[in-house]
Structure formats: C-alpha cells, structure tokens
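Right, one structure below, let's go through it.
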Amino acid sequence: MEIFLIIGIFLYISIAIDILQTTLSMQGGGWLTSRISHLFWKFFLLISGRNGKSKILGHAGYILLTSIVFVWVFFLWASFTFILYAYPGAVEASSSKIPADFWQLVYYAGFSISTLGMGDYIPTSNFVKILTSFYSFTGLILLTMSVTYFIPVLSAVIEQRKLGVKLSALGNSPQEIVLNAWNGNNFERLTNKIDGISDSIVKYSQQHRAYPVIHYFHSIDPETTVILQLARLFEALHIIRYKVPEDTSPPLEDLRPLIIAFQNYFKVVSQVTHFSIKDANPKKANINRLYELKLIPEKSEILLPDHETKHRRLFSTLIYFDGWSWGEVDPKKS
C-alpha cells in the first residue's frame with residue numbers, strides 16, 4: 001500500500017505548488033496549468049478549423065478558466081483518496097462501523113475537501129482526523145484562491161480588450177498607421193501618443209506574465225484583436241525607423257518608450273508561451289501609398305536587424321496560434 005501513499009503525497013505537493021505558482025507568484029501559470037491551457041487551446045483551435053472568427057474560440061477563455069479549477073479539485077481529491085486507501089480501515093461507516101471500500105473513500109475524500117462534512121463516514125484514528133481537517137482547510141483555501149484569481153484575470157481581460165480598441169484607432173494596417181501619424185511635416189500625431197500607448201503595452205505585458213490564461217480569452221473581431229493590433233503597430237514602427245529618411249523620421253528618443261515596451265512584451269511572451277517560433281518570415285508590409293506620397297523616396301527592401309526579424313517571426317507564430325493569418329495584419333485593401 002506504500003505506493004498509494006507515495007502517489008497521494010506526490011499529487012498533493014504537485015497540485016499545491018501549481019496552485020501557488022498560478023495564483024500568487026505573478027510569474028505565470030504553474031507547470032501543470034500552463035500545459036493544460038496550451039493543450040486545451042490547441043483542441044479549441046482544431047474544432048474551430050483554426051478560424052479566428054469562430055464563436056467557439058470566443059468561448060474558450062472562461063471554459064478554460066473553469067476547467068483549471070476543476071483540474072485542481074480533481075488532483076487534490078485524488079491525492080486524499082490515495083492516501084486514505086494506503087491505510088486499510090482508515091474510514092468506516094458511522095452507523096455500521098464497516099470499513100469503507102475504495103469508492104466510499106472517494107466519496108469521503110470529496111465531501112471532506114468540499115468542507116460539507118456529511119457525517120455518514122468517519123475517520124477511525126487521530127491521524128486520519130487530523131488529515132481530514134488538513135484537507136478540509138486545503139479545500140477552503142483552494143476555493144478562496146480560485147475566487148481571488150478569477151477577479152484580476154477578468155479585469156486583465158477587460159484591459160486587454162481596451163488595448164485592442166485603443167490601438168485600432170491608429171489604423172487598420174501598418175501603412176495606414178504611418179499615414180495617420182504623418183501630418184505633412186512630422187509624426188507628432190503618433191509621438192504625442194507614444195507614452196500612453198507604451199504604458200498600456202507594458203501593463204498588458206505584465207498582466208500577461210501574471211495571468212497567461214488571458215491569452216486564451218479570444219476576440220473574434222479582427223479589427224480589435226490585440227495581437228493583430230500589436231503586430232500592425234510593430235510593422236509601422238519598422239517603417240518609421242528603418243524606411244523613412246532620417247531627416248523626416250522622429251528622433252529615436254521619441255520612439256524609445258514604444259521600443260522598450262515591445263522589448264518587454266517579447267520577453268514576457270517568450271517566457272509564458274510554449275510555441276515553437278516559425279522559421280519563415282512573414283511578408284513585408286504594403287507601402288505603395290507611402291511611395292506615391294514621396295514619404296519614402298525610393299523602392300528598396302527594409303533591412304532589419306536579426307533580432308527584429310526574429311520578433312516578426314514571433315508575431316507571425318502568435319497570430320497563427322490565435323487562429324488568424326498574417327493577411328489580417330496587412331489587408332490587401334491597405
């Protein structure tokens with residue numbers, strides 16, 4: 001019976017660590033929660049046909065959040081059951097004094113964790129009484145931590161959608177963002193907003209680190225989906241930095257807050273996601289209108305540093321695993 005005791009203790013320690021890391025560490029989900037979330041999302045992508053506009057994906061977030069709590073309860077329940085099963089006669093019927101069998105132990109473990117205290121089965125030793133109290137307190141703590149976890153997660157989801165709407169006002173393509181930023185003399189229409197935009201991106205990044213599950217609260221509207229909007233802004237930033245002539249483009253100091261905000265975003269995303277970055281580079285942004293307006297003097301390729309190329313591939317990967325395509329970042333109509 002020692003094997004059941006070992007399994008029970010292992011399950012308890014594993015799930016306790018996962019709960020603490022997910023709800024309190026502010027450094028992303030625990031090992032189990034992160035991988036379950038990833039597999040869960042891949043399943044939803046599969047049944048939706050990898051269609052970002054599918055309503056199925058729109059329901060994934062709250063279903064996943066609820067499922068995480070059920071997984072925690074299941075493993076906690078299983079750990080208590082295995083520990084009890086390792087001690088024959090640990091629990092008996094209160095009326096007949098007959099030792100509980102396996103399924104009766106499952107029942108006893110369940111109502112103990114839920115703190116219901118039915119009373120039709122009772123522990124037979126002081127050790128089991130203390131163990132029952134310990135698991136009852138654990139169940140109570142789990143319920144409390146789940147509720148306190150839900151509230152900031154849902155708040156972060158609202159902030160995420162606000163950021164998507166905020167960025168959508170800049171333009172529906174990289175070229176349109178650049179055109180809207182240009183007032184005929186400089187890019188003050190954009191640089192005057194950079195501090196606010198940068199703060200919002202940094203806040204979103206840190207919320208993403210603390211609550212990676214918000215990534216799975218999917219918006220089915222491509223016009224306000226935050227990942228598409230971030231990719232568009234990042235592409236527009238490349239155009240302004242590497243394509244627009246130096247005497248026209250804003251000083252690097254004006255763009256630095258946005259550059260740093262994106263650097264922080266890439267760092268966080270690399271830490272909390274489990275996707276392999278695609279090797280293929282996404283298509284360069286359409287800038288034909290910028291040529292026509294002489295904002296860019298000659299047709300030539302945008303030469304990007306290696307780290308920027310890697311970041312574009314990261315965006316392409318994130319967009320793909322969110323059910324979209326790179327064409328949504330730079331629609332042909334732009």
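Checking LEU163 against (1) over 27 Å from LYS42 (Cβ atoms); (2) at pLDDT 90 or above, which test does it fail?
Every condition holds for LEU163 apart from (1).
Might you let me know whether region 15-23 holds any residue that is touching a Gly at 6+ places or on another chain (Cβ under 6 Å), more than 28 Å from VAL106 (Cα to Cα) and open to solvent by 20 Å² or more (accessible area, probe 1.4 Å)? So that I can check it myself, show each step before the final result.
Of region 15-23, the ones touching a Gly at 6+ places or on another chain (Cβ under 6 Å) are 18, 21-22.
When the remaining residues are screened for being more than 28 Å from VAL106 (Cα to Cα), the result is none.
Within region 15-23, not a single residue is touching a Gly at 6+ places or on another chain (Cβ under 6 Å), more than 28 Å from VAL106 (Cα to Cα) and open to solvent by 20 Å² or more (accessible area, probe 1.4 Å).
Regarding GLN175, is this residue touching a residue at least 12 places away in the same chain (Cβ under 8 Å) and more than 25 Å from TYR291 (Cα to Cα)?
Values: touching a residue at least 12 places away in the same chain (Cβ under 8 Å): yes; more than 25 Å from TYR291 (Cα to Cα): no.
For GLN175, the condition - touching a residue at least 12 places away in the same chain (Cβ under 8 Å) and more than 25 Å from TYR291 (Cα to Cα) - is not met.
Tell me which residues, restricted to region 144-161, are open to solvent by less than 40 Å² (accessible area, probe 1.4 Å), within 25 Å of SER114 (Cα to Cα) and of a type in the set (A, V, I, L, M).
Matches in region 144-161: MET145, VAL153.
Can you name the residue in region 243-283 that is in a helix (DSSP H, G or I) and basic (Lys, Arg) and, of all such residues, is nearest to HIS218 (Cα to Cα)?
The initial filter retains those residues of region 243-283 that are in a helix (DSSP H, G or I), namely 243, 252-272.
If we keep only those that are basic (Lys, Arg) too, we end up with 243, 256, 267.
Values: LYS243: 33, ARG256: 30, LYS267: 21 Å.
Once the filter is applied, the top-ranked residue is LYS267.
Determine which member of the set ILE239, ILE227, ILE177 is among the β-branched types (Val, Ile, Thr), buried (at least 19 other Cβ atoms within 10 Å of the Cβ) and within 30 Å of ILE19 (Cα to Cα). Don't jump to the end; show me each part of the working.
Working: ILE239 fails: within 30 Å of ILE19 (Cα to Cα); ILE177 fails: within 30 Å of ILE19 (Cα to Cα).
Of the residues listed, the single one that is among the β-branched types (Val, Ile, Thr), buried (at least 19 other Cβ atoms within 10 Å of the Cβ) and within 30 Å of ILE19 (Cα to Cα) is ILE227.
TYR135 passes all but one of (1) farther than 30 Å from TYR108 by Cβ; (2) open to solvent by less than 10 Å² (accessible area, probe 1.4 Å); which number fails?
Just one mismatch for TYR135, condition (1).
Yes or no, residue by residue, for (1) in contact (Cβ under 8 Å) with a residue 12 or more places away in the chain; (2) more than 30 Å from LEU39 (Cα to Cα); (3) surrounded by fewer than 17 Cβ atoms within 10 Å (Cβ to Cβ); (4) more than 31 Å from the chain's Cα centre (by Cα):
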{"position": "LEU76", "(1), (2), (3), (4)": "yes, no, no, no"}
{"position": "SER79", "(1), (2), (3), (4)": "yes, no, no, no"}
{"position": "ALA90", "(1), (2), (3), (4)": "yes, yes, no, yes"}
{"position": "SER95", "(1), (2), (3), (4)": "yes, yes, yes, yes"}
{"position": "PHE102", "(1), (2), (3), (4)": "yes, yes, yes, yes"}
{"position": "TYR108", "(1), (2), (3), (4)": "yes, yes, no, yes"}
{"position": "PRO123", "(1), (2), (3), (4)": "yes, yes, no, yes"}
{"position": "LEU142", "(1), (2), (3), (4)": "yes, no, no, no"}
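Failed condition for PRO297, given (1) in a loop (DSSP other than H, G, I, E, B); (2) buried (at least 20 other Cβ atoms within 10 Å of the Cβ); (3) in contact with a Pro (Cβ under 8 Å, 6 or more places away or on another chain), with all others met?
Here PRO297 meets the rest and fails (2).
Give GLY171, GLY184, GLY164 a once-over and let me know the one that is under 22 Å from VAL269 (Cβ atoms), open to solvent by less than 50 Å² (accessible area, probe 1.4 Å) and not aromatic (Phe, Trp, Tyr).
Just one listed residue meets the conditions, GLY164.
The values are calculated or read from the model by the stated rules, or taken from the named source; none is laboratory data. Just so it is clear, the structure is predicted and the values come from calculations on it, not from any experiment. Reconstructed Cβ throughout: ideal geometry from the backbone, glycine too, with neighbour counts over all protein chains shown. Surface areas here come from the heavy atoms of the whole protein model, side chains and all, with no ligands, DNA or RNA. Shrake-Rupley method; radii C 1.70, N 1.55, O 1.52, S 1.80 Å.
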